[in-house]
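Each reported figure results from applying straightforward, stated rules to the coordinates on display, with no laboratory input. Since the model is a prediction, treat every value here as computed from it, not as a measurement. Glycine also receives a Cβ, built like all others from the backbone with ideal geometry; neighbour counts cover every protein chain displayed.
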Amino acid sequence: MENPKCGAQEFTTRNIMKRIAFLLFAVVVVAGVVGHMAHASGHADGEAAPIFGIKIPPGYRDWRLVSVAHEEGDLNDIRAILGNDIAIRAYREEKLPFPDGTIIARIAWSYVPSEENNKVFGRPQSFVPGPAPDWYLQFMVKDSKKYAATGGWGFAQFGKDGKPTADEAKLKTCFPCHEPVKARDFIFTRYTP
């Protein structure tokens with residue numbers, strides 16, 4: 001006759017081992033997902049842009065929308081302008097100059113007609129974001145002491161691969177381009193509630 005205590009003990013040990021194996025598997029899966037999300041959310045572990053030393057801030061794709069814009073001419077892009085919490089608070093309170101710690105992101109895509117949507121509408125009227133251009137991602141970072149020579153702002157540009165623009169001459173054109181809007185603390189984009 002079999003000892004009932006041995007069977008119960010073997011069943012309990014087997015359940016504990018299964019639970020430990022499941023827990024280890026779950027930890028590995030969660031670590032993999034978190035690692036992938038950190039990489040996919042903006043190359044935050046990448047190189048710093050020249051001149052200003054700015055890196056892509058982690059989680060910038062989760063920031064709030066400031067506004068959208070369409071640039072014609074040579075750029076011909078559609079863009080989303082995002083702000084970190086400090087930027088959004090300053091925009092909503094209409095606080096100028098923007099406080100140190102403000103970061104504004106600009107993400108651009110080529111501006112292309114949507115053949116699929118236009119078929120539904122029966123005429124060309126719909127445009128959608130297309131492939132990312134070379135000037136895909138830009139940041140302005142407010143640090144009035146560190147970037148005093150450029151109105152308190154540091155500038156950075158990154159390609160769709162997350163690598164910074166290596167062309168220092170191009171980055172040196174950022175501040176002169178923003179000087180005409182000095183009265184708005186060098187920011188073109190107005191908040192769209």
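Give the calculated FRET efficiency between residue 144 and residue 112 to the nearest 0.05, with a Förster radius of 30 Å applied to their Cβ-Cβ distance.
0.15
Tally Lys and Arg at +1 and Asp and Glu at -1 over the other residues with C-beta under 12 Å from the C-beta of residue 165: what net charge comes out?
Local net charge: -1.
Suppose R0 equals 41 Å. What FRET efficiency, 1/(1 + (r/R0)^6) with r the Cβ-Cβ distance, do residue 92 and residue 134 give to the nearest 0.05?
Using R0 = 41 Å, I get an efficiency of 0.80.
At what distance in nm do the modelled label points of residue 48 and residue 190 sit from each other, each positioned 7 Å from its Cα along Cα→Cβ?
Result for the modelled spin labels: 3.6 nm.
Within the set 145/170; 95/182; 55/163; 55/182; 55/142; 55/146, which residue pairs have Cα atoms separated by over 18 Å?
Correct reply: 145/170; 55/182.
Place a point 7 Å from Cα of residue 76 in the direction of its Cβ. Which residues in the range 109-147 have their backbone N less than 11 Å from it?
110-113, by backbone N distance to the label point.
Evaluate E = 1/(1 + (r/R0)^6) for residue 179 and residue 68, where r is the Cβ-Cβ distance and R0 equals 22 Å; express this FRET efficiency to the nearest 0.05.
Given R0 = 22 Å and the Cβ-Cβ separation, E is 0.35.
I'd like the distance separating the alpha-carbon centroids of the range 52-74 and the range 76-127, in whole Å.
8 Å
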